[in-house]
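Take a look at the structure set out below.
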Amino acid sequence: MNRLQNEEIPGLSEVFQAQFRIGAAVNPQTLSTQRELLARHFNSLTAENEMKFERLHPESERYVFEEADRLMAFAESCGAAVRGHTLVWHNQTPSWVFEDGNGGAADRDRLLARMKSHIDTVVSRYKGRIYAWDVVNEAVSDQSGEWLRPSKWLDIAGEDFILKAFEYAHAADPGALLFYNDYNESDPEKREKIYRLVQRLLEQGAPIHGIGLQAHWNLFDPPIADIRAAIERYASLGLKLHVTELDLSMFRFDDRRTDVTAPSTEMLELQAARYKDIFRLFLEYREHIGCVTFWGAADDYTWLDDFPVRGRKNWPFLFDANHLPKQGYRDILQLVQS
Ligand code: GLA
């Protein structure tokens, strides 16, 4: 039996109120199954999928806003802010966006016009209600020696598709904070590529206000020293930082075991210690960090249950599958209460 039941423990977002927002990614299912946990511990919500291009705009003339609107209504009913995710990405974007309708590829003008009209429609709909948008997601390559990720956006529109996305988003809601968001953000080589991209955007006068560090990490990687170096490097651009998709997998990325059906005591202890180190670091840089969002809320649901090993369960969060606080929750609380 867990020593602390949920009703007796302080809400995470309350505890960190003076430092940064605490967010969670949600989906239509968890909005119902994790409703109380979300309302109690989180003051920023992100749609796991429901605001992506393919969900909002599956066909050229058809937008679908029901699920995104439900998330907004829930967030507003419990006083949580909303981070929009995501406007321009190489993934989860329908193929019609890149086609000319006659079996060929769309040209640059048509693609940028579509991007603009998508961003106008989506950002305007939630104007003043979504405080930050991930405008461009994952445009930087993971390949050594390659700067930007090859994608249809890049092939057809060229490098400045990124600048255009920020300009269109800013025009649609001048009050929203606009972010470039990426993963492997603490890897030294990729960090420099992200830095270079954002620095160039700033030189071009892009309305960019922050960098999103996805933070899909695990018990062993990346080293705290690399996370610290990334925070310092990005903050040196004078931008806000949001941790946008934090989870701590129990497995190294190349660990493909399938026989672990429950987390061992050792795993839980390691995870708690790692959460503590990570939050200690975030607190040190709180002046730069505006929000720490988990990519989920509790261990009953995580995208890591299927990735990268199909069907293998994972336990990446501070709350267990019954929504009770884990050791990690208690440990990070001590950081602000001691
Ligand atoms: C990336 C994206 C997220 C999500 C995760 C996997 O990090 O930014 O939207 O798709 O991958 O769940």
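Hey, what angle do you get for helix 327-337 against the long axis of the chain, alpha-carbon based, 0 to 90 degrees rounded to 10? The answer is roughly 90 degrees.
For the chain, DSSP calls about 10 percent of its internal beta bridges antiparallel.
Other residues whose C-beta falls under 9 angstrom from the C-beta of residue 30 contribute a net charge of -1, scoring Lys and Arg +1 and Asp and Glu -1. Phi-derived couplings, Karplus 6.51 cos²θ - 1.76 cosθ + 1.60 at θ = phi - 60°, listed residue by residue for segment 20-30: 7, 5, 10, x, 9, 7, 10, 9, x, 6, 6 Hz, with x used for Gly and Pro.
When the trypsin sites (Lys or Arg not before Pro) in segment 178-273 are filtered for DSSP coil states and for at most 13 other beta-carbon atoms within 10 Å of their beta-carbon, the remaining sites are 252, 256, 257. Near residue 99, the amide H atoms lying under 5 Å from its own belong to 106; only residues 5 or more places off or on other chains count, and H is placed 1.01 Å from N. Calculated mean residue ellipticity at 222 nm for the chain: -11500 deg cm²/dmol, from DSSP H runs with n ≥ 4 weighted as -39500 (n - 2.57), summed, divided by the residue count and rounded to 500.
Around the amide H of residue 217, modelled in the peptide plane, lie the amide H atoms of 247, 249, all under 5 Å away and 5 or more residues distant in sequence or on another chain. For segment 4-63, the direction-averaged projected area of the alpha-carbon convex hull comes to 5.2 nm². Among beta bridges from DSSP that stay inside segment 1-150, the antiparallel ones total about 20%. Is any residue of segment 230-261 close enough, with backbone N under 17 Å, to a label point placed 7 angstrom from the Cα of residue 286 along the Cα-Cβ axis, and if so, which? So the set is 241-243.
Evaluated at q = 0.11, 0.22, 0.23, 0.24 Å⁻¹, a Debye calculation over the C-alpha positions of segment 77-184 (equal weights, vacuum) places log10 I(q)/I(0) at -0.36, -1.20, -1.27, -1.34. The Stokes-Einstein estimate for segment 290-338, based on a Kirkwood radius over Cα pairs and taken at 4 °C with 1.567 mPa s viscosity, is a diffusion coefficient of 109 µm²/s. Ligands, DNA and RNA excluded, the heavy atoms of residue 177 present near 40 Å² of accessible surface to a 1.4 Å solvent probe. 3J(HN,Hα) along segment 153-161: 4, 5, 4, 8, 9, x, 3, 7, 4 Hz, from the Karplus curve 6.51 cos²θ - 1.76 cosθ + 1.60 with θ = phi - 60°, whole Hz, x for Gly and Pro. Lysine pairs in segment 144-282 whose alpha-carbon atoms fall under 28 angstrom of each other, counting only those eight or more residues apart or on distinct chains, come to 10. Listed values for segment 313-323 are Karplus-derived 3J(HN,Hα) couplings in whole Hz (6.51 cos²θ - 1.76 cosθ + 1.60, θ = phi - 60°), namely 6, 9, 9, x, 10, 8, 10, 7, 5, 9, 6, and x replaces Gly and Pro. Computed over protein heavy atoms with a 1.4 Å probe, the accessible surface of segment 289-338 works out to 36 Å² per residue. Diffusion coefficient (Stokes-Einstein, Kirkwood radius over C-alpha pairs, 25 °C, 0.890 mPa s) for segment 248-338: 175 µm²/s, rounded to a whole number.
Normalised per residue, the accessible area of segment 103-184 is 40 Å², obtained with a 1.4 Å probe and no contribution from ligands, DNA or RNA. Under 20 Å of direct C-alpha separation, and excluding same-chain neighbours fewer than eight residues apart, residue 326 reaches these aspartates and glutamates: 7, 8, 14, 36, 245, 247, 266, 269, 277, 299, 300, 305.
Computing the accessible area with a 1.4 Å probe over protein heavy atoms, can you report the carbon and sulfur percentage for the chain?
46 percent
The calculated Kirkwood hydrodynamic radius for the chain is 20.6 Å, given to one decimal from all distinct C-alpha pairs.
Dimensions of segment 84-136 from C-alpha coordinates, computed as largest minus smallest value along each principal axis and given longest first, are 39, 19, 14 Å.
Using a cut-off of 12 Å between beta-carbons, work out the net charge of the residues near residue 247 (Lys and Arg +1, Asp and Glu -1, residue 247 not included).
-3
The values are calculated or read from the model by the stated rules, or taken from the named source; none is laboratory data. Predicted, not measured: the structure shown is a model, and the values here were computed from it. We place every Cβ from the backbone using ideal geometry, glycine too, and count neighbours over all the protein chains shown. Calculation scope for accessible area: heavy atoms of the full protein, side chains included, ligands and nucleic acids excluded. Shrake-Rupley method; radii C 1.70, N 1.55, O 1.52, S 1.80 Å.
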